[in-house]
Amino acid sequence: MLTTCFNVVGFNWMASPAATELETIVMDWLGDMLKLPNSFLFSGTDGGVLHGSTHESVVCTMASARDQILSRIGEENIGKLVAYGSDQTHSVIQKVSQIVGIPSKNFRAIETTISSSFTLSPETLRLTVCSDMEAGLVPFYLWATVGTTATTAADPLGPLCNVAKDYGMWVHVDAAYAGSACICPEFRQYIDGIEGANSFTLNAQKWFFTALDCCRLWVKNPSALTKSMSTDLEVLRNKASEWWTSKIGK
């Protein structure tokens, strides 16, 4: 609310040092409340950023995952990339897949069952990935959810991250809806295994009753995002921003 009232221009450190420094403090503040591993915190090895929505955050993370894999297999193979989620996953992943150039047919909405409380099965995920690889496709992105829109299902993060690691996939954890509850010790278990993920989002505009555009994105390797998202215009170069970049690893 304060940044809106003052019309803070928070483009980068040079444009608004106070806003940038405060953003890191606020991100770590909530990260500590959630007991996130140091690999997601500015006080640890990495950090995060405030975005307007989960859509915005997922565009950034999926584009980063896309660029990482294409740097190894060649840009001409973008049509082989496959993203995974469950049939309870928010529709944003299908929209974002198309935005970043992934064919719509290459999104796998893996079926869930009532017997598993509509969570994504690690075993079924592995079978689906293996089938795709046998067909010459390349798994690159997994979306896991803590609090799905339809049923508030919480996917088993640890086992899913283990499967994704075996195949070199980027794991994004969407806790936009129910992640706020994980501040409570009795609910923290629902993000156990988060240390195996690459990125994690939580929408403060839901249970925290903040203004609408307040999605928090934590990333284990922020340089992956800035490498995909950044440009190198002369007008954007300055000693202050270069210092800040080196400080936070972006």
Footprinting proxy, His51, His172: sorted fewest to most Cβ within 10 Å, the residues are His51, His172
What value, in deg cm²/dmol to 500, does the helix sum -39500 (n - 2.57) over DSSP H runs of n ≥ 4 give at 222 nm once divided by the residues of the chain?
-> -11000 deg cm²/dmol
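Using alpha-carbon pairs under 8 Å, 6+ residues apart, how would you state the relative contact order of segment 21-115 in percent? Intermediate results must be reported in sequence, preceding the final value.
Numbers: 86 pairs, mean separation 20.2, N = 95.
Reported relative contact order: 21 percent.
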Leading residue at positive end of dipole, the chain (Cβ point charges), from Ala19, Trp29, Thr54 | Ala19
Among Glu56, Glu111, which comes first, second and so on when ranked by fewest other beta-carbon atoms within 10 Å?
-> Glu111, Glu56
Global geometry of the chain, whether rounded, prolate or oblate, following the gyration tensor of its Cα atoms and the 1.5 cut on a/c | oblate
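Any idea what the relative contact order of the chain is, in percent, if you count C-alpha pairs under 8 Å spaced at least 6 apart? Kindly include the intermediate steps, with their values, before the conclusion.
Numbers: 424 pairs, mean separation 56.5, N = 250.
Taking the mean separation of contacting Cα pairs over the length of the chain, I get 23 percent.
Based on the Cβ-Cβ distance from Ile183 to Asn77, what FRET efficiency comes out when R0 is 30 Å, to the nearest 0.05?
Numbers: r = 41 Å, r/R0 = 1.38.
That gives a FRET efficiency of 0.15.
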Tell me, how many Å apart are the Cα centres for segment 43-78 and for segment 93-161?
-> 17
Dipole of the chain [Lys/Arg +1, Asp/Glu -1 at C-beta], most positive-end residue of Cys5, Asn221, Leu157 | Cys5
Residues whose modelled amide H sits under 5 Å from the amide H of Val138, counting only those 5 or more places away in sequence or on another chain, are Leu81, Val82
Once amide hydrogens are built 1.01 Å from N within the peptide plane, the residues lying 5 or more places from Val171 or on another chain with amide H under 5 Å from its amide H are Leu142, Asn198, Ser199
Determine the dipole magnitude for the chain: charges of +1 sit on the beta-carbon of Lys and Arg, -1 on that of Asp and Glu, nothing else is charged, the reference point is the Cα centre, and the result goes in debye to the nearest 20.
-> 180
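Each reported figure results from applying straightforward, stated rules to the coordinates on display, with no laboratory input. Bear in mind the structure is a predicted one, so any value in this text is a computation, not a measurement. Don't worry about glycine lacking a Cβ; one is built from the backbone with ideal geometry, like all the others, and counts go over all protein chains shown.
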